[in-house]
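A quick write-up on the structure given underneath.
The values are calculated or read from the model by the stated rules, or taken from the named source; none is laboratory data. Keep in mind that this is a model prediction, so the values were computed, not measured. Here the Cβ positions follow ideal geometry from the backbone for every residue, glycine too, while neighbour counts run over all protein chains shown. The accessibility values were calculated without ligands, DNA or RNA, using every heavy atom of the protein model including side chains. Shrake-Rupley method; radii C 1.70, N 1.55, O 1.52, S 1.80 Å.
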Amino acid sequence: MELMENQWHSGASTISSSGDLSSVVDRVLIIAYRKKKKESQRRFWARFGVTQSRGSRFESGAEIPPPVSILLGLYFNKTISDGDLGRAERVLRRPDAPMVLSPGQ
């Protein structure tokens, strides 16, 4: 995992220099991490608010939107945890919460 984190960190420096978020997201590392953790696409991508089918498309080369890319970067850099993502999900799913985002985005 540390090797993956180091590779993610090395890619993260491209945000400030080029401003291109898509260059930060290394799909091969995402797939390797997910498989190392023995997680299904459904479970892995759900923590980022992404459906299994859309996550599969990302893993196959579809462009990952900036909000998801940012979350992935924060997650792999250990700035946010599974617990943080779970709490955010619960807040968004509260019946009294205003619906700002559609599920799966």
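Return the residues of region 76-86 that are open to solvent by 40 Å² or more (accessible area, probe 1.4 Å) and assigned to a loop (DSSP other than H, G, I, E, B); say none if nothing qualifies.
Let us first name the residues in region 76-86 that are open to solvent by 40 Å² or more (accessible area, probe 1.4 Å), namely 77-79, 81-82, 84.
Result: ASN77, LYS78, THR79, SER81.
Is it true that GLY73 is modelled with pLDDT of 90 or more and open to solvent by less than 50 Å² (accessible area, probe 1.4 Å)?
Values: modelled with pLDDT of 90 or more: yes; open to solvent by less than 50 Å² (accessible area, probe 1.4 Å): yes.
Yes: the conditions hold for GLY73.
Hey, can you tell me all the residues within region 61-75 that are over 12 Å from the mean Cα position of the chain (by Cα) and either part of a helix (DSSP H, G or I) or without any contact (Cβ under 8 Å) to a residue 24 or more places away in the chain (or both)?
Keep residues of region 61-75 that are over 12 Å from the mean Cα position of the chain (by Cα), which gives 61-63.
Within region 61-75, just ALA62 meets the criteria.
Kindly establish whether GLU89 is modelled with pLDDT under 95 and open to solvent by 60 Å² or more (accessible area, probe 1.4 Å).
On the way: modelled with pLDDT under 95: yes; open to solvent by 60 Å² or more (accessible area, probe 1.4 Å): yes.
Answer is yes for this residue.
Return only the number of the condition from (1) open to solvent by 70 Å² or more (accessible area, probe 1.4 Å); (2) part of a loop (DSSP other than H, G, I, E, B); (3) at pLDDT 90 or above that GLU39 does not satisfy.
All conditions are met except number (1).
Using beta carbons and a limit of 9 Å, which pairs, at least six apart or on different chains, have the first residue in region 35-50 and more than 20 Å from PRO66 (Cα to Cα) and the second one among the aromatic types (Phe, Trp, Tyr)?
LYS37/PHE44; GLU39/TYR33
Out of the residues in region 2-13 meeting the condition of being open to solvent by 40 Å² or more (accessible area, probe 1.4 Å) and either under 19 Å from PRO67 (Cα atoms) or small (Gly, Ala, Ser) (or both), tell me which one is modelled with the highest pLDDT.
Here is the first cut: in region 2-13, the ones open to solvent by 40 Å² or more (accessible area, probe 1.4 Å) are 2-3, 6-7, 9-10, 13.
Add one more test, that the residue is either under 19 Å from PRO67 (Cα atoms) or small (Gly, Ala, Ser) (or both), and what stays is 9-10, 13.
Values: HIS9: 44, SER10: 39, SER13: 35.
By that ranking, first place goes to HIS9.
For region 53-64, which positions are exposed (fewer than 15 other Cβ atoms within 10 Å of the Cβ) and on the phi < 0 side of the Ramachandran plot?
Applying the first criterion (exposed (fewer than 15 other Cβ atoms within 10 Å of the Cβ)) to region 53-64 yields 53, 56-57, 60-63.
Listed by number, the residues that qualify are SER53, SER56, ARG57, SER60, ALA62, GLU63.
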